[in-house]
Amino acid sequence: MSAPPDGRPFPPPWPSPAGPAWFRQYTMRELLAVVATLLAVAAVLIPARAASAADPACRVDYTVNQWGGGFTASVTVTELGPAVSAWDLRWTFAAGQRVTSAWNAAVTQSGTSVSAVNLPYNGSLPTGGSTSFGFQGTWTSANPVPADFSLNGVSCNGSGPSTPPVTPTPTPTVTPTPTPTPSVPAGCSGAVVCSGFEDQAGGTPSGDWQVVTPSCQGTGTATIDTATVHSGSRSLRVNGGGGYCNHVFAATTKTVSSTGPVVYARMWVRHTTTLPASHVTMITMADAANGNKDLRVGGQNGALQWNREFDDATLPEQSPTGVALSTPLATGRWVCLRYQIDTTKQAMSTYVDDQEVAGLHLDTTPTRDVDSQWLSRTTPPRPATLRLGWESYGGDADTLWFDDVAFGSAPIAC
């Protein structure tokens, strides 16, 4: 037998791990090549998992506050997939529930299918980002939580669209029309107070509203106006004079003392002059939990504030930092003012044109320059009246209007 071409001897017939180095190098190359080939074949035969089909697209937190025949729902949507610049959350109401109004989203219903679409200011959702909206509705035999939420056509449980992605033509929810007179403002049907003053004949308010001047009477007047309105054909005009006794209010004759447990209020307000440096009030509510002393919404140092007649506490505190956390009220245009008062704990929120005012937010955690005065009283308030008007504790006068007023136990949108 001749030697291999390179002159090296043949390896033994049964090489051991201690065999020649050239043989070991040769077999290792072969082994690595085989392994690489097997891995390539496996990559072809075993497809990668599609994240969009297995991972949840979103998370929905759905909280219901329910009473006989009606409910409100608070919905928080968290985007778990790629960022989006617009969103459309859909679900099915399996038990025949009906949406009657909504806030922070455009909610429409066609049969049992419901769609909630973002508004211009809350469409962007980064990965992990959340947004919240709410709505009010009705129910009959049951009110189960929806089980088939989908966001932009992808099911929130990761199984893909729960229904074919054909977009039905939504039609606005139609609420049974009440007795045509008087007409009611949009968004507050069912509230204890829901008034656009359309039932008023003119002149001095009557019926559901009456003029009051607590303690003393001066030059202030409250009349029904047809020249300046937010909607419809009428509004409440208040000519408030400077000095306490020139105050005037229009008070609802509705029974509001049992509203709650959270009281929600909304009104559109139009001022002629800016809020002054001295203290003024435009809304009062007698607090049945505090000897019927007034809770007041007004202004001081040029910004919106809450004031408590009982101890003259203010929210926010009137330090420069506290005042800066509130906001002035625009003049010469209609402003949507909303607030909510919890009658079970010290908690309030106030919104101007749908933006919460940081300095007018109250909870049980003290905030410097905001709520130390207010939290000095631990008993939560219980509003028992609602009065709209003007009261000045200095010499400041104003002409202002109120329209589309609502006061009830469920959130009320602008």
Those residues of the range 106-142 that are closer than 20 Å to ALA191 by Cβ and in a loop (DSSP other than H, G, I, E, B) come to a total of 1
Being farther than 22 Å from PRO380 by Cα, under 28 Å from the mean Cα position of the chain (by Cα) and among the β-branched types (Val, Ile, Thr) narrows it down to one residue among VAL280, VAL229, VAL262; which is it?
VAL229
Within the range 87-110, residues open to solvent by 50 Å² or more (accessible area, probe 1.4 Å) and more than 17 Å from THR72 (Cβ to Cβ) come out as ARG90, ALA94
Strands (runs of 3 or more DSSP E) fully within the range 336-414 counting 2 or more residues that are among the aromatic types (Phe, Trp, Tyr)
398-408
Filter the range 286-330 for residues that are among the aromatic types (Phe, Trp, Tyr) and assigned to a strand (DSSP E or B) and give the result.
TRP306
Which residues, taken from the range 368-386, are free of Cβ contacts under 8 Å to residues at least 60 places away in the same chain and either open to solvent by less than 10 Å² (accessible area, probe 1.4 Å) or in contact with a Lys or Arg (Cβ under 7 Å, 6 or more places away or on another chain) (or both)?
VAL370, ASP371
Exactly one of THR204, THR219 is modelled with pLDDT of 75 or more, open to solvent by 60 Å² or more (accessible area, probe 1.4 Å), more than 25 Å from CYS336 (Cα to Cα) and β-branched (Val, Ile, Thr), and that one is THR219
Residue that is most open to solvent (accessible area, probe 1.4 Å), among those in the range 222-245 that are in a strand (DSSP E or B) and out of contact with any Pro (no Cβ under 9 Å at 6 or more places or on another chain)
ARG237
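The values are calculated or read from the model by the stated rules, or taken from the named source; none is laboratory data. Just so you know, these numbers come straight off a predicted model, no measurement behind them. Cβ atoms come from the backbone with ideal geometry, glycine included; neighbour counts cover every protein chain shown. Accessible surface is based on the protein model in full, side chains and every heavy atom, while ligands, DNA and RNA are left aside. Shrake-Rupley method; radii C 1.70, N 1.55, O 1.52, S 1.80 Å.
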